[in-house]
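The values are calculated or read from the model by the stated rules, or taken from the named source; none is laboratory data. Because the structure is predicted, anything quoted here is derived from the model rather than measured. For neighbour counting, all protein chains shown are included, and Cβ atoms are generated from backbone atoms with ideal geometry for every residue, glycine included. Surface accessibility is based on the protein's heavy atoms, side chains included, excluding ligands, DNA and RNA. Shrake-Rupley method; radii C 1.70, N 1.55, O 1.52, S 1.80 Å.
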Amino acid sequence: MKRAAAATAAGRSDAAGRVLADAIRQGRRWYWQRMSAMVLALCVLVHLVTIVYAVRAGLSAEAVLARTRGSLAFGAFYGVFVLACAVHVPIGLARIAEEWLGMAPRVADAAASALAWLLAALGLVAVYGMVAG
């Protein structure tokens, strides 16, 4: 009888531990999505201002590329932009996959992690191509 009670108590504490661990993971995701959203808000604003300036100045694509080549500031700015996207987007898509598509949380998180690495890799290659190109 004592073993059954101990097993039940252990099962409850194990389940409570999983619930707590899940709550901590969700809190971390919430935090990183909000932090990346703040970075993205600033990056999008700077990006749009830059586009408006280039269009109003009548700069061609060739002229814009000439200005980005060798620019460490451009590379750093857009590198941060890419990394913020690679953090922000997969977190939201994983939640959508869980809630709307009924995907298991582990599967959604694995797919989101793969997407994050893909976004980061492709985005950073693009930034490198613009700066070093």
Residue check, THR68 touching a residue at least 24 places away in the same chain (Cβ under 8 Å) and among the polar types (S, T, N, Q) | yes
Lone unmet requirement of (1) in a helix (DSSP H, G or I); (2) closer than 21 Å to VAL125 by Cα for LEU45 | (2)
Going through region 97-109 in order, the residues found to be hydrophobic (A, V, I, L, M, F, W, C) and open to solvent by 60 Å² or more (accessible area, probe 1.4 Å) are TRP100, LEU101, MET103, VAL107
Would you mention how many residues in region 62-75 are on the phi < 0 side of the Ramachandran plot and open to solvent by 50 Å² or more (accessible area, probe 1.4 Å)?
-> 8
Does region 29-36 contain any residue that is of a type in the set (Gly, Ala, Ser), in contact with a Ser or Thr (Cβ under 8 Å, 6 or more places away or on another chain), within 24 Å of LEU124 (Cβ to Cβ) and in a helix (DSSP H, G or I)?
-> no
Given (1) open to solvent by less than 60 Å² (accessible area, probe 1.4 Å); (2) in a helix (DSSP H, G or I), index of the condition LEU59 fails | (2)
Taking region 76-96 and keeping only residues that are buried (at least 19 other Cβ atoms within 10 Å of the Cβ), among the small types (Gly, Ala, Ser) and out of contact with any Leu (no Cβ under 6 Å at 6 or more places or on another chain), one is left with ALA94
Residue check, VAL19 out of contact with any Gly (no Cβ under 9 Å at 6 or more places or on another chain), assigned to a helix (DSSP H, G or I) and surrounded by 12 or more Cβ atoms within 10 Å (Cβ to Cβ) = no
